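Everything below concerns the one structure shown next.
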Amino acid sequence: MTRLAILGSGNGTNAQQITEYFAGRGDVEVCCIVYNVKDAYIAERARKLGVEARYFGRKDFYETGAALAYLREKGADWVILAGFLWLVPPAMLEAFPGRIINIHPALLPAYGGKGMYGHHVHEAVVANHERESGITIHLVDQDYDRGTTLFQARCEVAPDDTPDSLAAKIHLLEKEHFPRVIDQTIHSGR
Ligand code: GAR
């Protein structure tokens, strides 16, 4: 069994889609959902999905190592960032070399870097009258949004798109591709 730990902080739509995609597969499972924003809806989704979820704060990630200890305890093989907005601590990068995957709601390297996440990305894309946006799924390294790209998908930004309507298009792309690209990546012999 290959075990995926999902790290998130928000609504948890991707966490849910990934969990449902692998449910009943027998070879891959989501072993836990870790979140770093108290009361995030991702915790409620985890409860409904029957996946163990646990909150860890800044100290647990960057000082005590409690978050990493938990991933080890759960036997995680891969770490999936689905709306996780902090830099991954060096010890976690070392523990999962080349085995941490992130999704970003834009066509990196455009609209990436510190502070560029979630709705901020869509607001910037619309404000700049871009004609297309998309998603980037990539391996994670010590910088924000810099690791090797595994996959990109594009969508049109229409002149009348708002940050909200663009976010809806992006969520559809995430739903269509993220679980599938995770599946391919973990079976690619990395
Ligand atoms: C997703 O759109 C994801 O691409 C984005 O956060 C959202 C999380 O939604 N990630 C980033 O911006 C990372 N820099 P979710 O909690 O509903 O899955």
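Brief remarks on what is shown
- Here residue 162 clears all of (1) within 15 Å of the chain's Cα centre (by Cα); (2) over 15 Å from residue 80 (Cα atoms) except the condition numbered (1).
- Considering 115, 83, the condition of being surrounded by fewer than 19 Cβ atoms within 10 Å (Cβ to Cβ) and either in a helix (DSSP H, G or I) or not acidic (Asp, Glu) (or both) is satisfied by 115 alone.
- Residue that is in contact with a helix residue (DSSP H, G or I) (Cβ under 6 Å, 6 or more places away or on another chain) and within 25 Å of residue 145 (Cα to Cα), where the choices are 84, 61, 96: 61
- Selected residue (criterion: farthest from the ligand (Cβ to nearest atom)) from residues of the stretch 33-49 that are within 11 Å of residue 83 (Cβ to Cβ) and in a loop (DSSP other than H, G, I, E, B): 36
- Taking the criterion of being without any contact (Cβ under 8 Å) to a residue 40 or more places away in the chain and more than 9 Å from the ligand (Cβ to nearest atom), the residues of the stretch 114-135 that qualify are 114, 115, 124, 127, 128, 129, 130, 131, 132, 133, 134.
- A count restricted to the stretch 37-65 and to residues that are more than 23 Å from residue 22 (Cβ to Cβ), surrounded by 15 or more Cβ atoms within 10 Å (Cβ to Cβ) and of a type in the set (Gly, Ala, Ser) stands at 1.
- Subset tally (residues that are in contact with a Ser or Thr (Cβ under 9 Å, 6 or more places away or on another chain) and near the ligand (Cβ under 9 Å from one of its atoms)) for the stretch 174-185: 1
- Residue within the stretch 61-72 that is free of Cβ contacts under 8 Å to residues at least 40 places away in the same chain, in contact with an Asp or Glu (Cβ under 6 Å, 6 or more places away or on another chain), part of a helix (DSSP H, G or I) and away from the ligand (no atom under 12 Å from the Cβ) present: yes
Values quoted throughout were computed directly from the atomic coordinates according to the rules given, and no laboratory measurement underlies them. This structure is a prediction, so every number in the text was calculated from the model and none was measured. Heads up, the Cβs are rebuilt from the backbone with ideal geometry, glycines too, and the neighbour counts pull from every protein chain shown.
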